[in-house]
Amino acid sequence: MALGDVLEIDSKSVAPELIADGATYIGLESIGSGGSLDESICVSSGELKSAKFVFDERHVLFGKLRPNLGKVARPTGSGVCSTDIFPLLPSNRLDRNYVAHFLLLPSTIALAASRTTGVNLPRINGSILKSFEIPLPPLPEQRRIADILDRADNLRAQRRRALVQLDSLRDSLFFHTFGAGIDVPSGTISDLLSLRSGKFLPASAMNSGGDVSVYGGNGVNGTHDQHLFDSPQIVIGRVGAYCGAVHVTTTRSWVTDNAMVVGWDLAVFERDYLAAALAKANLNQFASQSGQPLLSASKLANVAIPIPTLDLQREFGERMTYLDGVRLRHQDHLVKLEELFASLQHRAFQGEF
């Protein structure tokens, strides 16, 4: 069944001067890939300068600009949205939740991306979207399928929220252990640490079947069959968008020249504390701002690092190890949930359950 046979693109618009004060506004930036939606933006009368489409809780919002991003959402109330978004209104033969999941299928997103026009701002035409074929079981079956997918998706969302909360807890732990009210000595990076660049590794040498993790400024970039280090290292991103990003490597690793390797005195610092302290120092602020951002040892020379007692550092490290274990279990569970959801998505629209 063609989408156009069971839904319409509701292009009813409202002039900017007629948009009510306090109206909910949805732009493309309000819709996340995968169906998330921020409905918190309210606009004042006269704030918007061009006509907008009208939507309510009956619609599915579909981002027609760059549809490869999969910006599909189900609003919970009424408001106005950018004209780069199609408000789709299902007929009484089509369940809103069911069609939203269909539009979020990787195969549907790929199809939409392949049917766009425009090079710099690729958009999909409404008539093209309405030509897409959608399986159309009876409404009770549509609702059952959507309910299964919603439940699975909710489990993924809960696990992601748990990971965010764990990351927040890590920050809170550092502040609680070393924050306000705790008077400790400090020293500068130039006095306490050594910083040296990693070693260049061509992209062709990565992912060649080795089991050694290759680290750059943004974390693991690939694998290699040789290693530079046989113990965990602290690395700091030194080039580009990841200037100042801090990572702790796996036991055996290669560090590229996009990062600096930190050396420290084991009688002064514990690794987990030092990595957290460097991350808290917000090292990105010291990168050069002309051209591509760049960090060097000289730019970080005068950054102060607090030096708490080793006992306090070890206590922090033990707690971090516990939190890392909890986070790893949550991350593993999320991977399994992602696999389950992908399987359910595929089966749902193949008539397999």
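The values are calculated or read from the model by the stated rules, or taken from the named source; none is laboratory data. This is a predicted model, so every value here is computed, not measured. Heads up, the Cβs are rebuilt from the backbone with ideal geometry, glycines too, and the neighbour counts pull from every protein chain shown. SASA here: full protein model, heavy atoms, side chains in, ligands and nucleic acids out. Shrake-Rupley method; radii C 1.70, N 1.55, O 1.52, S 1.80 Å.
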>> Restricting to DSSP loop positions (anything but H, G, I, E, B) with no more than 14 other Cβ atoms inside 10 Å of their own Cβ, which chymotrypsin sites (Phe, Trp or Tyr not before Pro) remain in segment 107-205?
In response: F200
> Which whole-number percentage describes the relative contact order of segment 45-143, with Cα contacts under 8 Å and a sequence gap of 6 or more?
Replying inline: 29 percent
> Quick one: with all protein chains in place, what share of the accessible area of segment 157-198 is carbon or sulfur, to the nearest percent (1.4 Å probe)?
Replying inline: 51 percent
>> I'd like to check one number: the per residue accessible area of the chain, probe 1.4 Å, reported in Å² as a whole number.
In response: 51 Å²
>> I'd like to compare 275-285, 159-169: which one has the highest average count of other Cβ atoms within 10 Å, and what's the full order after that?
In response: 275-285, 159-169
> Which value at 222 nm does the chain reach when only helices count, each DSSP H run of 4 or more adding -39,500 (n - 2.57), with the total divided by all residues and rounded to the nearest 500 deg cm²/dmol?
Replying inline: -11000 deg cm²/dmol
>> Rounded to whole Å, give me the distance from the Cα center of segment 322-339 to that of segment 61-100.
In response: 31 Å
> Where the accessible area of segment 1-122 is counted over protein heavy atoms with a 1.4 Å probe, how much of it, in %, is carbon and sulfur?
Replying inline: 50 percent
> Taking amide H positions as placed 1.01 Å from N in the peptide plane, with prolines and chain starts having none, which residues 5 or more places from G32, or on another chain, fall under 5 Å of its amide H?
Replying inline: L37, D38
>> Explain nothing, just the number: relative contact order of the chain, from Cα pairs under 8 Å at least 6 residues apart, as a whole percent.
In response: 14 percent
> Around L18, with a cut-off of 14 angstrom between Cβ atoms, what is the net charge of the other residues, counting Lys and Arg +1 and Asp and Glu -1?
Replying inline: 0
> Considering only protein heavy atoms and a 1.4 Å probe, what is the carbon-and-sulfur percentage of the accessible area of segment 311-353?
Replying inline: 53 percent
> Given K12/K52; K64/K336; K12/K64; K64/K130, which pairs have Cα atoms separated by over 20 Å?
Replying inline: K64/K336
> trypsin sites (Lys or Arg not before Pro), restricted to segment 1-89: which are DSSP loop and have at most 10 other Cβ atoms within 10 Å?
Replying inline: K12, K49
> Among all stretches of the chain without exposed GluC sites (Glu not before Pro) (DSSP loop, at most 12 other Cβ atoms within 10 Å), which one is longest?
Replying inline: 58-351
> Do you know the relative contact order of segment 269-353, to the nearest whole percent, from alpha carbon pairs under 8 angstrom that are 6+ apart?
Replying inline: 32 percent
